[in-house]
Amino acid sequence: MSLSGIVQLGLSTVIFLIAATAAKQWALAPTTAKLVLTLLLYSVGNLIMLRLVRELGMATSFSLSAVVQLVAVNLIALIFFAERLEPIQSVGIGLAIVSVVLITLGPAMMSK
């Protein structure tokens with residue numbers, strides 16, 4: 001993955017994390033402003049993802065983004081909102097991390 005791809009993935013992830021946090025805040029105390037902010041943030045994140053799809057392809061970019069967001073959103077939910085995961089859910093997150101490693105490093109491992 002190129003530096004540009006890493007930057008785009010990181011930027012979209014940060015935006016999606018802020019959007020997820022805004023969505024949680026809206027769920028706790030709904031207002032129109034929170035809803036509009038959430039929708040705008042998700043829209044910007046998806047626009048960045050479109051560039052990433054062009055660079056990496058749909059399968060790789062959406063897989064990486066989904067798993068990176070899965071881990072990051074769970075960290076926010078656990079740390080800031082005191083949510084808890086069942087053991088089987090934790091195993092699922094661990095398997096998702098393994099999948100990112102395989103998606104990211106797999107092509108390099110296969111070429112050797």
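The values are calculated or read from the model by the stated rules, or taken from the named source; none is laboratory data. Being a predicted model, the structure only gives us computed values, none of them experimental. Note: ideal-geometry Cβ built from the backbone for every residue, glycine included; neighbour counts use all protein chains shown.
Numbers for the structure displayed
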item	result
Where a residue in region 6-26 is in contact (Cβ under 8 Å) with a residue 12 or more places away in the chain and its partner, wherever it lies, is of a type outside the set (Phe, Trp, Tyr) and surrounded by fewer than 17 Cβ atoms within 10 Å (Cβ to Cβ), with Cβ under 7 Å and at least six apart	GLN8/ARG51; THR13/ALA72; ILE15/VAL44; LEU17/ALA72; LEU17/ILE76; ALA20/ILE76; THR21/ILE76; TRP26/LEU35
Selection status of ALA72, without any contact (Cβ under 8 Å) to a residue 40 or more places away in the chain and either of a type in the set (A, V, I, L, M, F, W, C) or buried (at least 18 other Cβ atoms within 10 Å of the Cβ) (or both)	no
Residues satisfying the stated conditions in region 23-62, i.e. more than 10 Å from SER12 (Cα to Cα) and aromatic (Phe, Trp, Tyr)	TRP26, PHE62
Search result, residues across region 19-57 that are farther than 26 Å from VAL101 by Cβ and among the β-branched types (Val, Ile, Thr)	THR21, THR31, THR32, VAL36, THR38, VAL44
Given (1) within 25 Å of VAL101 (Cα to Cα); (2) exposed (fewer than 13 other Cβ atoms within 10 Å of the Cβ); (3) touching a residue at least 40 places away in the same chain (Cβ under 8 Å), index of the condition THR60 fails	(2)
Selection count, region 63-78, where residues are among the hydrophobic types (A, V, I, L, M, F, W, C) and under 10 Å from THR13 (Cβ atoms)	5
Members of region 18-45 that are surrounded by fewer than 15 Cβ atoms within 10 Å (Cβ to Cβ) and under 21 Å from MET1 (Cβ atoms)	none
Residues (of a type in the set (Val, Ile, Thr) and more than 17 Å from THR60 (Cα to Cα)) located in region 88-112	ILE88, VAL91, ILE93
When residues of region 96-112 are limited to those that are of a type in the set (S, T, N, Q) and either in a helix (DSSP H, G or I) or surrounded by 12 or more Cβ atoms within 10 Å (Cβ to Cβ) (or both), the one modelled with the highest pLDDT	SER99
Qualifying residues in region 78-95 (those that are surrounded by 11 or more Cβ atoms within 10 Å (Cβ to Cβ) and in contact (Cβ under 8 Å) with a residue 12 or more places away in the chain) - the one nearest to THR21 (Cα to Cα)	PHE81
Condition met for VAL98 (touching a residue at least 40 places away in the same chain (Cβ under 8 Å) and of a type in the set (Val, Ile, Thr))	no
